[in-house]
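One structure below.
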Amino acid sequence: MKRSAYLAFGTIAALCASGIAAPATAAWEPVRPVEFIIPAGTGGGADQMARTIQGIVTKHNLMKQPLVVINKSGGAGGEGFLDVKGSGGNPHKIIITLSNLFTTPLATGIPFSWKDLTPVAMLALDEFVLWVNADKPYKTVKDYVDAVKAAPAGSIKMGGTGSKQEDQIITVAVEKATGARFTYIPYKGGGEVAVQLVGNHVDSTVNNPIEAVAQWRGGKLRPLCVFDAQRMAYDEPIADGKAWKDIPTCKSEGLDMEYLMLRGIFMSPRATKDQVEYYVELFKKVRATPEWQEFMKSGAFNTTFLTGADYAKWVEVEDKRHQVLMKDAGFLAPGN
């Protein structure tokens, strides 16, 4: 065995000395279509981002194999998470995550943790905005809060995506900050939430910018504040001469709550370093395109990008924070 190894080494050395390169190990790449799982319904922020990525990959020919988008929203996204968890060793399946990566297992008790997956990259962080119908008289957070406080308990309806997830966590925080009591109405996705607010079927929402920007631009909705520590940076006017940067922070308006949502990518368990690196490089290419830059601007995203240990550490911290938030809201499933 040793003699064979020495002979092999000698052969490689001889090839290099003669100027002939030894064959390199080919970097991994998909050999069949890649399933891109969305653990949420159609029309919402995760769905829009995944389909934007699919379009960019196709337009710029960034993959040799097709990227196939599949919505698996059952069980607050648990269907999608369990699908990818159960696909260990399959590098042809990736999932885009939102904060239900944390909230769904905590609220439902399904046998899943983010640690069951392989972290790839944080693509961005999504903001949350307090929205009202533009026909309502509320022009400021104070106007809104005063009206909520004056209304009978439970008579004000807050619409949001899913139950015991991000939107309802923020709703509970608003209740605690104001002393008011909402009736929370869950919907399947942010697109439907925006439509329900336009139709006055709910009184307010805490939708992401990308999920309500069309209705704001159309003069149907009004943003009151953003649940972030600082204002959004985008200065291009959207409606009535106002831009995202003109929306005050909720904290500065008396609603002491900050919440940003993950838009990140994970792979199935047991992914190799080469497989992870392939997707990291793919998403770097996606982020460099003008289409991605426009998408980030239109949705007023926080464009933070993380990979490797930095990404895993961020996810770990957020997982612990959500355990506290869910416990404070009374949303934990028995045993959690």
Go through Gln293, Gln275 for me and flag whichever is touching a strand residue (DSSP E or B) at 6+ places or on another chain (Cβ under 9 Å) and in a helix (DSSP H, G or I).
Gln275
Condition set in contact with a strand residue (DSSP E or B) (Cβ under 6 Å, 6 or more places away or on another chain) and at pLDDT below 95, scope region 98-124, selection farthest from Gly41 (Cα to Cα): answer is Ser99
Of all the residues that make up region 187-212, how many are open to solvent by 10 Å² or more (accessible area, probe 1.4 Å) and within 18 Å of the chain's Cα centre (by Cα)?
6
The correct count of residues that are open to solvent by 10 Å² or more (accessible area, probe 1.4 Å) and part of a loop (DSSP other than H, G, I, E, B) in region 66-90 is 11
Test Ile94 against the criterion of being in contact (Cβ under 8 Å) with a residue 12 or more places away in the chain and either surrounded by fewer than 23 Cβ atoms within 10 Å (Cβ to Cβ) or part of a helix (DSSP H, G or I) (or both), and give yes or no.
no
So, restricting to strands (runs of 3 or more DSSP E) that lie completely within region 116-180, which ones have at least 2 residues that are open to solvent by 20 Å² or more (accessible area, probe 1.4 Å) and over 15 Å from Leu325 (Cβ atoms)?
118-126, 157-161
Would you mention how many residues in region 22-65 are surrounded by 17 or more Cβ atoms within 10 Å (Cβ to Cβ), touching a Phe, Trp or Tyr at 6+ places or on another chain (Cβ under 7 Å) and in a loop (DSSP other than H, G, I, E, B)?
1
Condition first: in a strand (DSSP E or B) and over 19 Å from Ala46 (Cβ atoms). Now tell me which residues in region 182-225 satisfy that.
Thr183, Tyr184, Ile185, Ser204, Leu221, Arg222, Pro223, Leu224, Cys225
Report, by residue number, each residue of region 292-311 that is hydrophobic (A, V, I, L, M, F, W, C) and in contact (Cβ under 8 Å) with a residue 40 or more places away in the chain.
Trp292, Phe295, Met296, Ala300, Phe301, Phe305, Leu306
Report whether or not Phe305 is under 20 Å from Ile38 (Cα atoms) and touching a Lys or Arg at 6+ places or on another chain (Cβ under 8 Å).
yes
Taking region 214-246 and keeping residues among the hydrophobic types (A, V, I, L, M, F, W, C) and out of contact with any helix residue (DSSP H, G or I) (no Cβ under 9 Å at 6 or more places or on another chain) leaves Ala243
Looking at the structure I just gave you, is Met326 among the aliphatic types (A, V, I, L, M), open to solvent by less than 10 Å² (accessible area, probe 1.4 Å) and farther than 19 Å from Ile56 by Cα?
yes
Check on Lys242, of a type in the set (Lys, Arg) and within 19 Å of the chain's Cα centre (by Cα)
no
Kindly list, by first and then second residue, each pair from a residue in region 66-82 that is more than 11 Å from Ile37 (Cα to Cα) to a residue that is open to solvent by 50 Å² or more (accessible area, probe 1.4 Å), limited to pairs with Cβ atoms under 7 Å and residues at least 6 apart or on different chains.
Pro66/Pro33; Gly75/Thr108; Ala76/Thr108; Gly78/Thr108
Within region 234-260, tally of residues that are open to solvent by 70 Å² or more (accessible area, probe 1.4 Å), part of a loop (DSSP other than H, G, I, E, B) and in contact (Cβ under 8 Å) with a residue 40 or more places away in the chain:
2
For region 261-284, how many residues are open to solvent by 40 Å² or more (accessible area, probe 1.4 Å) and under 19 Å from the mean Cα position of the chain (by Cα)?
1
Answer residue from region 295-319, given it is surrounded by fewer than 16 Cβ atoms within 10 Å (Cβ to Cβ) and modelled with pLDDT under 95 and is farthest from Ala212 (Cα to Cα) among those:
Thr304
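The values are calculated or read from the model by the stated rules, or taken from the named source; none is laboratory data. Because the structure is a prediction, the values reported are computed rather than measured. All Cβ positions, glycine included, derive from the backbone under ideal geometry; neighbour counts span all protein chains shown. Accessible surface is based on the protein model in full, side chains and every heavy atom, while ligands, DNA and RNA are left aside. Shrake-Rupley method; radii C 1.70, N 1.55, O 1.52, S 1.80 Å.
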